[in-house]
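Everything below concerns the one structure shown next.
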Amino acid sequence: MRTWGSVGHYLQGPDVIGEVGRYAGLFGTSHLFVIDSFVQGLLGKRLFSSYEARPECSHETVLFEGEISRTTIADIESQICGAPDVIVAVGGGKVIDVAKMLAAKRKVSLVVCPTIAATDAPTSAMSILYTDDGTMNDIVIHTKNPDLVLVDTRVIANAPVRFLSAGIGDALSTYYEGLSNEKTGHANYVWCDTESGTQTLAGRAIAQQCAATLERDGASAVQACRENLVTPALENVVEANVLMSGIGFENVGCSLAHGLGNAMTVVAQGVRSLHGERVGFSTLSLLVAEDYSSEHIERVARLCVSCGVPTTFEELNLNPSEQDLEMIADAALAAESWGASPVHLRRGEVVDLMKATDALGWSVRKEMGA
Ligand SMILES: [Zn+2]
């Protein structure tokens, strides 16, 4: 069986966040904002000014800080006073994932306004939960994806460029991991708690367009973001990072790059990098492991360097010992996503793979004068 899942509606452009009241009002009249205090300070005025012209809509806010665990979700639940029919998440991945949990439990609509373009959280039907001490321990698959994703590209352009680069690293994996899944016939993530579906042609086409967009516009989008400018290249890459990568990974599946990237968090230094930074580096590992041509691998490595995606241990703030690399290798081989790759390696080979990726990164950076 082929399966497909997708966000309901998607709007992207400069200053759209000022219209959040109007768009959320299409789904209901009692709106609950889930937001962190930093983002509230940054955007609060703009978000809530849109309600002055809509007396029929009410809004309340709950602040979310820290780790997303079952304890903090219960704590947020207890702060809700009214009976919201629309949940609006404003912020990064954790705020979005907690809002998905609240919307699913209450069976109400969900509007997501990502303030960075770093991960695939905004469009997906997945929440990643952690234990109270910060260890990832549970993936919850929701019945539906968010009803609306509202991406304000001016907000993204004003966020630190590191987040856009990390999003490019995450998005870069989508096409190649999709190809791994295509080769092995591995199941995708659409209702994967109960179904075992494979890719649609539509999913593949989106993953392919995602890679092509990054190759064409990645470097100039990063340049624009450094200058806090909204340009067509930035718009294209935000669409690749948020929409195409988000829909892409759910529909074509993950493989070695996520298996290895997520495994890096088993060593203490692993959490000094962002998810997309680890996955970007590990996408190069995937290309090496799955025996892509040297020309192809170097082309992708140059793209990473020009987009600020880490290609060396040093850029990941890792200084791994042999034992660290072995721990990462064991965790990667045990990851469910690694099973979607056609290559079967042993611990020592995974250690060599990581070292080979680091060496490739140094050589390409040197060649580019980076
Ligand atoms: Zn990812």
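On inspection, Ala24 does not qualify as among the aliphatic types (A, V, I, L, M), out of contact with any strand residue (DSSP E or B) (no Cβ under 9 Å at 6 or more places or on another chain) and outside the structural domain of Ala207 (by TED's automatic domain parsing). Listed by first and then second residue, the pairs with beta-carbon distance under 6 Å, at least 6 apart or on different chains, first residue in segment 169-181 and assigned by TED's automatic domain parsing to the domain that holds Thr213, second more than 9 Å from the ligand (Cβ to nearest atom) and not in a helix (DSSP H, G or I), are Gly169/Val309; Glu177/Ser255; Ser180/Ser255; Ser180/Ser341; Asn181/Gly253. Does Ser78 fit the bill of being in a strand (DSSP E or B) and modelled with pLDDT of 90 or more? When the stated conditions are applied, Ser78 does not pass them.
Please verify whether Val242 is within 16 Å of the ligand (Cβ to nearest atom), in contact (Cβ under 8 Å) with a residue 12 or more places away in the chain and touching a Pro at 6+ places or on another chain (Cβ under 8 Å), treating the condition exactly as stated.
Values: within 16 Å of the ligand (Cβ to nearest atom): yes; in contact (Cβ under 8 Å) with a residue 12 or more places away in the chain: yes; touching a Pro at 6+ places or on another chain (Cβ under 8 Å): yes.
Taking the combined requirement at face value, the residue satisfies it.
State which residue pairs qualify: first residue assigned to a helix (DSSP H, G or I) and inside segment 28-43, second residue among the acidic types (Asp, Glu) in any location, beta carbons under 7 Å apart, and separation of 6 or more residues or different chains. Sorted first by the residue in segment 28-43, then by its partner, the pairs are Ser37/Glu65.
Looking only at segment 194-229, residues that are over 20 Å from the mean Cα position of the chain (by Cα) and not in a helix (DSSP H, G or I) come to 9 in all. Scanning segment 1-39 for residues being at pLDDT below 90 and surrounded by 15 or more Cβ atoms within 10 Å (Cβ to Cβ) gives a total of 1.
Within segment 254-277, residues that are assigned by TED's automatic domain parsing to the domain that holds Tyr189 sit with their Cβ atoms under 6 Å from residues that are within 10 Å of the ligand (Cβ to nearest atom) and of a type in the set (Lys, Arg), at 6+ positions apart or across chains, in these pairs: Gly261/Arg278; Met264/Arg278.
Among the conditions (1) out of contact with any Ser or Thr (no Cβ under 7 Å at 6 or more places or on another chain); (2) more than 13 Å from the ligand (Cβ to nearest atom); (3) of a type outside the set (A, V, I, L, M, F, W, C), the only one that Lys100 does not satisfy is (1).
Could you identify the single residue in Glu295, Glu326, Glu290, Glu367 that is in contact with a Ser or Thr (Cβ under 9 Å, 6 or more places away or on another chain) and either surrounded by fewer than 23 Cβ atoms within 10 Å (Cβ to Cβ) or in the same structural domain as Val252 (by TED's automatic domain parsing) (or both)?
On the way: Glu295 fails: in contact with a Ser or Thr (Cβ under 9 Å, 6 or more places away or on another chain); Glu326 fails: in contact with a Ser or Thr (Cβ under 9 Å, 6 or more places away or on another chain); Glu367 fails: in contact with a Ser or Thr (Cβ under 9 Å, 6 or more places away or on another chain).
Testing whether each residue is in contact with a Ser or Thr (Cβ under 9 Å, 6 or more places away or on another chain) and either surrounded by fewer than 23 Cβ atoms within 10 Å (Cβ to Cβ) or in the same structural domain as Val252 (by TED's automatic domain parsing) (or both) leaves just Glu290.
Suppose we filter Gly253, Gly270, Gly248 for residues that are within 19 Å of Leu303 (Cβ to Cβ), within 16 Å of the ligand (Cβ to nearest atom) and crowded, with 19+ Cβ neighbours inside 10 Å; which single one remains?
Details: Gly253 fails: within 19 Å of Leu303 (Cβ to Cβ); Gly270 fails: within 19 Å of Leu303 (Cβ to Cβ).
Of the residues listed, the single one that is within 19 Å of Leu303 (Cβ to Cβ), within 16 Å of the ligand (Cβ to nearest atom) and crowded, with 19+ Cβ neighbours inside 10 Å is Gly248.
For Gly92, the conditions (1) closer than 15 Å to Ile17 by Cα; (2) more than 16 Å from the ligand (Cβ to nearest atom) all hold with the exception of (2).
Quick check, is Thr131 within 22 Å of His258 (Cβ to Cβ), surrounded by fewer than 24 Cβ atoms within 10 Å (Cβ to Cβ) and away from the ligand (no atom under 16 Å from the Cβ)? Don't jump to the end; show me each part of the working.
Details: within 22 Å of His258 (Cβ to Cβ): yes; surrounded by fewer than 24 Cβ atoms within 10 Å (Cβ to Cβ): yes; away from the ligand (no atom under 16 Å from the Cβ): yes.
Spelling it out, Thr131 is indeed within 22 Å of His258 (Cβ to Cβ), surrounded by fewer than 24 Cβ atoms within 10 Å (Cβ to Cβ) and away from the ligand (no atom under 16 Å from the Cβ).
Within segment 169-184, is even one residue over 25 Å from His296 (Cα atoms), at pLDDT 95 or above, within 16 Å of the ligand (Cβ to nearest atom) and within 15 Å of the chain's Cα centre (by Cα)? No.
Residue-by-condition table, conditions (1) under 19 Å from Ala212 (Cβ atoms); (2) aromatic (Phe, Trp, Tyr); (3) within 16 Å of the ligand (Cβ to nearest atom):
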site	(1), (2), (3)
Gly276	yes, no, yes
Phe281	no, yes, yes
Glu290	no, no, no
His296	yes, no, no
Gly308	no, no, no
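The values are calculated or read from the model by the stated rules, or taken from the named source; none is laboratory data. These numbers come from a predicted model, not from an experiment. Cβ sites come from the backbone with ideal geometry, for glycine too, and all protein chains shown count toward neighbours.
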